[in-house]
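Peer 1: One structure coming up, written as structure tokens, with questions to follow.
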Amino acid sequence: MGRKVLVLAEVKDGNLRNVSYEAIAAAKTVSEGGEVVGVLLGESVRNLAEGLIHYGADRVVVVENDKLSNYSSDGFSQAFIAVVNEEDPEAIIFGHTSLGKDLSPKVASKQDAGLISDVIDVEVAGDNVVFTRPIYSGKAFEKKIVTDGIIFATVRPNNIAPLDKDESRSGDVSTLEVEIKDLRTIIKEVVRKASEGVDLSEAKVVVAGGRGVKSADGFKPLQELADVLGGAVGASRGACDAGFCDYSLQIGQTGKVVTPDLYIACGISGAIQHLAGMSNSKVIVAINKDPEANIFKVADYGIVGDLFEVVPLLTEEFKKLKV
Ligand code: FAD
């Protein structure tokens, strides 16, 4: 008994993304006592292997190649499929990130396998590994099992708790040489658009603004609150459409899906398309001057008031707690 499970680790700015540790935790459950193998792809990533082992990987396979310095579907799929062919795993777990969403179906189709995407929980029940995922924009949940072939899944960031870090753990780190050929796209330069700082999709705290924020300048108090809480700023589509902020901040059905520990919605009415991207947050606080606003229906705590008065007060109070 026990499965061999591959986990694609994601690297951002030279560091492992949190979702990599969460994927390892999911893989541990799926492995049922088998082996969890972390996979690192990049130009110079070997130094990160130990981190994966400290969070539960039993060993790590590294593919280093200058053609993997930036993500491309072509390059990463060639490298990852080479690892899959070498390792012959029974299950593969990705993060449900832009990268994971792009790469996982490509790899799964090459293995003639299905894919369970956007998983928020995994458990073993009898002979089955059961994956839970939201459907109908988070209004219901379905449980899925794989009856045949390789198990493929992507796990939504911030839902599956990583294992405790254990620096005494050790494991083998091996290198696989892969020739990357015929790249159809070559990334010359990456120009960052989103704000620096905490990654919105992985943030533990999100302070989001809507049309009620009224202008780009209106986002400043929200950024200050997010900074004090170590969080990220997000937005409704209403705010993005109005030109107050970049579309990379949009949360919702056609934006990012976030599940932070704390979501503070400021001047957001709570349209169903917005709720689709945040209603699974652990604690929701809504600030809105309209007591009838729909956002209060999903909020754990509601503050009826002007966000330009309430947000700075919250920032001051949280600053006091930090001292
Ligand atoms: P509004 O609905 O205009 O709400 C503004 C709120 O601010 C009001 O409740 C008001 O009471 C409050 N307010 C005003 N001033 C203050 C103040 N000073 N203090 C406190 N409160 C104040 N929307 C998304 O967000 N994400 C999506 O991904 C998305 N996808 C969509 C996809 C489709 C196909 C469609 C049709 C729509 C989509 N929308 C999406 C748009 C969605 O329907 C709403 O139009 C949008 O979410 C409204 O944004 P809002 O809440 O910021 O603005």
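Peer 1: I'd like to check which helices (runs of 4 or more DSSP H) are fully inside segment 1-108 and have at least 2 residues that are of a type in the set (V, I, T).
Peer 2: By residue number, 18-31, 73-87.
Peer 1: If you don't mind, another one. Among the residues of segment 41-72, write down those that are touching a helix residue (DSSP H, G or I) at 6+ places or on another chain (Cβ under 6 Å) and either under 16 Å from V11 (Cα atoms) or at pLDDT below 95 (or both).
Peer 2: L41, G42, E43, Y55, A57, V60, V61, V62, V63, K67, L68, Y71
Peer 1: If we only count strands (runs of 3 or more DSSP E) wholly inside segment 217-323, which ones have 2 or more residues that are among the β-branched types (V, I, T)?
Peer 2: Qualifying strands (runs of 3 or more DSSP E): 283-288, 301-304.
Peer 1: Could I ask something else about it? Only residues in segment 127-150 that are touching a residue at least 60 places away in the same chain (Cβ under 8 Å) count as the first member; pair them with residues that are hydroxyl-bearing (S, T, Y) and surrounded by 12 or more Cβ atoms within 10 Å (Cβ to Cβ), Cβ under 8 angstrom, at least 6 apart or cross-chain, and list the lot.
Peer 2: Going by the 8 Å Cβ cut-off, the qualifying pairs are V129/T29; G138/S279.
Peer 1: Would you tally the residues in segment 307-323 being more than 12 Å from the ligand (Cβ to nearest atom), aliphatic (A, V, I, L, M) and more than 29 Å from the chain's Cα centre (by Cα)?
Peer 2: 2
Peer 1: Next question, about the same structure. Here is a list of conditions, (1) surrounded by fewer than 19 Cβ atoms within 10 Å (Cβ to Cβ); (2) under 22 Å from the mean Cα position of the chain (by Cα), and E87 meets all of them except one; can you say which number that is?
Peer 2: All conditions are met except number (2).
Peer 1: How about segment 247-264: which of its residues are near the ligand (Cβ under 8 Å from one of its atoms) and either modelled with pLDDT of 95 or more or under 21 Å from K214 (Cα atoms) (or both)?
Peer 2: Within segment 247-264, Q250, I251, G252, G255 meet the criteria.
Peer 1: From (1) on the phi < 0 side of the Ramachandran plot; (2) without any contact (Cβ under 8 Å) to a residue 40 or more places away in the chain, pick out the condition that doesn't hold for L176.
Peer 2: All conditions are met except number (2).
Peer 1: Considering only segment 189-215, how many residues are closer than 29 Å to N18 by Cβ and either in a loop (DSSP other than H, G, I, E, B) or in contact with a Cys (Cβ under 6 Å, 6 or more places away or on another chain) (or both)?
Peer 2: Adding up the residues that qualify gives 15.
Peer 1: Kindly provide the set of residues from segment 211-246 that are within 23 Å of I272 (Cβ to Cβ), touching a strand residue (DSSP E or B) at 6+ places or on another chain (Cβ under 8 Å) and within 13 Å of the ligand (Cβ to nearest atom), ordered by number.
Peer 2: Selection gives G212, V213, L222, G234, A235, S236, R237, A239, C240, F244, C245.
Peer 1: How many residues are of a type in the set (S, T, N, Q), surrounded by 12 or more Cβ atoms within 10 Å (Cβ to Cβ) and at pLDDT 90 or above if we restrict to segment 140-169?
Peer 2: 2
Peer 1: Can I ask one more? Is it the case that segment 278-291 has a residue that's farther than 18 Å from V205 by Cα, more than 8 Å from the ligand (Cβ to nearest atom) and of a type outside the set (A, V, I, L, M)?
Peer 2: yes
Peer 1: Another question, then. R192 is checked against (1) out of contact with any helix residue (DSSP H, G or I) (no Cβ under 6 Å at 6 or more places or on another chain); (2) within 16 Å of the ligand (Cβ to nearest atom) and fails just one. What number does that condition carry?
Peer 2: (2)
The values are calculated or read from the model by the stated rules, or taken from the named source; none is laboratory data. If you're wondering where the values come from, they're calculated on a predicted model, not measured in any experiment. As a convention, Cβ positions derive from the backbone with ideal geometry for all residues, glycine included, and neighbour counts pool all protein chains shown.
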